[in-house]
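Notes follow the structure.
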Amino acid sequence: MTAELVRGQNHPLSQARLEIRVSAGTPVVAAATLGDEQGRIHGVEWVAHPGAPTLPGLEVSRQAAAEHRLAVDLDAMPEAVHRVSVLLALPTGGGPTRFGAVATPFVAVTGLDGTEVASYTITGLEAESAVVALELYRRQGAWKVRAIGQGYAGGLADLFTDQGLPQAHQLAGGINEAVAQGMARSVPAPPTRTDGDRSRQTAAPALGPDQGGSAPQGSSAPQGGSGSVPPQQPTSPYGTQTPDLPGQSAPQPSYQGGSGATDPAQPSAPTPGGPINYSHPGRQNAAPPPPPPTAPPAQPGQSAQPVAGDATGWSMDERLYNQVWGMFEDLARTTAAYRSAVDFADSRMEKELDQVLSDPRSRIGGQGDASREAAQTKRAQLVNQARATLDRDLAQLTAEVEVVEPALPPAYAGWDNPVWHGYRVPMEMPMALRLGDLHLPESAEVRIPMLVRLPLERGLWIDSGSGGSIDGSFTDSHDLRRLAVDTAVAHAARLLAVYPAGEFTVHVIDSAGSGAQTLVPLVQTGVLAAPPAVGAAGVADVLARLTQRVDLVQMALRAGAPDSLPPGFDTSQQLLIVNDFPHGFDDRAVNQLRYLADEGPAVGVHLMMVADREEAAAYGPLLDPLWRSLLRLTPVPDDHLADPWVGHAWTYEPALVPPGSEVLQQVLAQVAAARAKHR
């Protein structure tokens, strides 16, 4: 039975060799990108398009057409590939320029025998000229398909840019040129179907060489290529041959919210006229990572038991980081599918009720009541079905959380995790830091650790205003400010704990002295660079020293001489905690604070503000860029954060020390002792 997907919904894939069939009613360009576990495209070599239609395990059409059949072999995908995104775009140079003006595209995933596994009708497109139709993704060793439907008004250039491809505009131009050349020699597209059932009128699957058919010869055809998968080449996606594009450069490793390492590229076959690769074909530049832990065999009819650290990565630290982000994304998307199904059920019920009430005869007697009851029953059935799917996914995520949470290292663990009782000052900085937990209303029991990469790319703002609670009910301003400083101390202590000894320095500005009691753990253990600065003079002194530091490091880096810094210069990461803002700040100090927020993170100077925005309202729009440059956190639960995939409003809860616990003082004492030995 075919699974008819809605946006955000996923479905398991039981077959490795598949076809993705596209029916659009008008000529469209079909392409596909290979992504790592975080969805990043590592280079143009990871994109299959009409100018370069084949990659290991993947073949797309060589021209624009109203019907496409893309061949996929999931077993032939390189280990580095975790996602295959199917893209559709309207060709440039004439014809429709937006999907809202053409028939709704339809995409189906089928077996090689033509049996449909899942289908998706991409609705809701208007001004977009390119769309990510669906993606095949690998999760815990199994492949699934997910309906995406993400459109881009800027076409393929915007789509590739959103997926992190540096050569987005050059590649989009090359694809459009290849499509234009292909359309010049293509046959006319078939007329648009009028029967409304495009999923049943598909051509028989083409046979591959291993099924008695002939191998594709590279000729253009309206159907866009054969149904067979190109022979597997002993190369990674880096090694596939693609035509040179203007401005194309070699792919570079990147840290864009994903794993911290990339698989070493294997040497590719030399391109005629291109540079020669002299690297040894059997020698790797780095040792491969050890294999991740595997789950024990599952009982028949049951899902595999989750295992902590089964994501990809070169270390357990990286695997757990990637696993947490995978859980975050899974929860975001499964909730999006549930909400979409509920919205569909509501709109369907409203439509049926409108049809009933539009006939005056149905308003008399029991016919109207029966119609209302029938519509409500259908809605309840759809919602219950969607909820059952959501509950199934939540049960799996809950089981994964239960095994992952105890296995987290201190940087990722909550303060109540027993791992802190065995804490030792680390020898190297971890990949990320936990700032709290995230959850959604539909699944309050499933809490995802909120991890941010280290070193921090932007400052933090602990909002001490009364509007910082989820319902505004926390109105005691004094208690809220105290809790905000508690939150800042907990975050600062965690940062000190996860850095090696002497590699993280904390400064505090407490101009009015209101946080003196709460700052005691930092002061008494001696982990601060100096006592908290008070008064206008203290504010001016600390800001002057840190802005001078930023200037010196910037000049050294721009001159290409980082060793030219003054003798004894402290090269550790710096954190400035600011409390009681704007008390004690004049215009010069405010400008210095903005400068640190904008320029500091790039040279290792970070800002943590504990402030109520309303108290600084006298500065007007001058401080708007400051608040926007900081990551806003709250000392109490609040639903102000959004995920990068769907944009849900997630409830954030800070990572606070349990009442009565001495773990924070114990950790800071070890940090202080290690700092003393380091000196």
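The values are calculated or read from the model by the stated rules, or taken from the named source; none is laboratory data. Here the structure is a predicted model, which is why all the values come from computation and not from measurement. Note that we place each Cβ from the backbone using ideal geometry, even for glycine, and neighbour counts take in every protein chain shown. These area figures cover heavy atoms from the full protein model, side chains too; ligands, DNA and RNA do not enter into them. Shrake-Rupley method; radii C 1.70, N 1.55, O 1.52, S 1.80 Å.
In the condition set (1) free of Cβ contacts under 8 Å to residues at least 12 places away in the same chain; (2) under 28 Å from Arg434 (Cβ atoms), Ser564 is compliant with all but (2). The sole residue among Ala501, Ala432, Ala488 that is open to solvent by less than 10 Å² (accessible area, probe 1.4 Å) and at pLDDT below 95 is Ala432.
Each residue in the range 597-651 was checked for being closer than 23 Å to Leu576 by Cβ and of a type outside the set (Gly, Ala, Ser), and 28 pass. Only one of the numbered conditions (1) out of contact with any helix residue (DSSP H, G or I) (no Cβ under 8 Å at 6 or more places or on another chain); (2) part of a loop (DSSP other than H, G, I, E, B); (3) buried (at least 20 other Cβ atoms within 10 Å of the Cβ) is violated by His606, and that is (2).
Cβ-Cβ distances below 6 Å connect the following pairs, each with a first residue in the range 649-672 that is outside any loop (DSSP other than H, G, I, E, B), a second residue that is surrounded by 14 or more Cβ atoms within 10 Å (Cβ to Cβ) and among the polar types (S, T, N, Q), and a separation of six or more residues or different chains: Pro654/Thr487; Leu668/Thr525; Ala669/Thr525; Ala672/Thr525. Among residues of the range 403-429 that are on the phi < 0 side of the Ramachandran plot, those with a beta-carbon under 7 Å from a residue that is among the aromatic types (Phe, Trp, Tyr) and in a helix (DSSP H, G or I) at least six positions away or on a different chain give the pairs Pro410/Trp420; Ala413/Trp420. Condition check for Phe581 on (1) in a loop (DSSP other than H, G, I, E, B); (2) open to solvent by 10 Å² or more (accessible area, probe 1.4 Å); (3) in contact with a strand residue (DSSP E or B) (Cβ under 6 Å, 6 or more places away or on another chain): one failure, at (2).
Per-residue answers, yes or no, for (1) aliphatic (A, V, I, L, M); (2) in contact with a Pro (Cβ under 9 Å, 6 or more places away or on another chain); (3) closer than 23 Å to Thr487 by Cα; (4) modelled with pLDDT of 95 or more:
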{"position": "Asp510", "(1), (2), (3), (4)": "no, yes, yes, yes"}
{"position": "Val542", "(1), (2), (3), (4)": "yes, no, yes, yes"}
{"position": "Gln554", "(1), (2), (3), (4)": "no, no, no, no"}
{"position": "Phe569", "(1), (2), (3), (4)": "no, no, no, no"}
{"position": "Gln574", "(1), (2), (3), (4)": "no, no, yes, yes"}
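Residue selection: Val81 fails the criterion of being open to solvent by less than 20 Å² (accessible area, probe 1.4 Å), closer than 21 Å to Tyr120 by Cβ and of a type outside the set (Ser, Thr, Tyr). Scanning the range 2-38 for residues that are open to solvent by less than 20 Å² (accessible area, probe 1.4 Å), of a type in the set (Gly, Ala, Ser) and not in a strand (DSSP E or B) turns up just one, Gly8. If you take the residues of the range 408-418 that are under 20 Å from Val307 (Cα atoms) and surrounded by 17 or more Cβ atoms within 10 Å (Cβ to Cβ), which of them is farthest from the chain's Cα centre (by Cα)? Out of the qualifying residues, it is Asn417.
Taking the condition open to solvent by 20 Å² or more (accessible area, probe 1.4 Å) and not in a loop (DSSP other than H, G, I, E, B), does Gly95 pass? Considered against the rule, which asks whether it is open to solvent by 20 Å² or more (accessible area, probe 1.4 Å) and not in a loop (DSSP other than H, G, I, E, B), Gly95 comes out as no.
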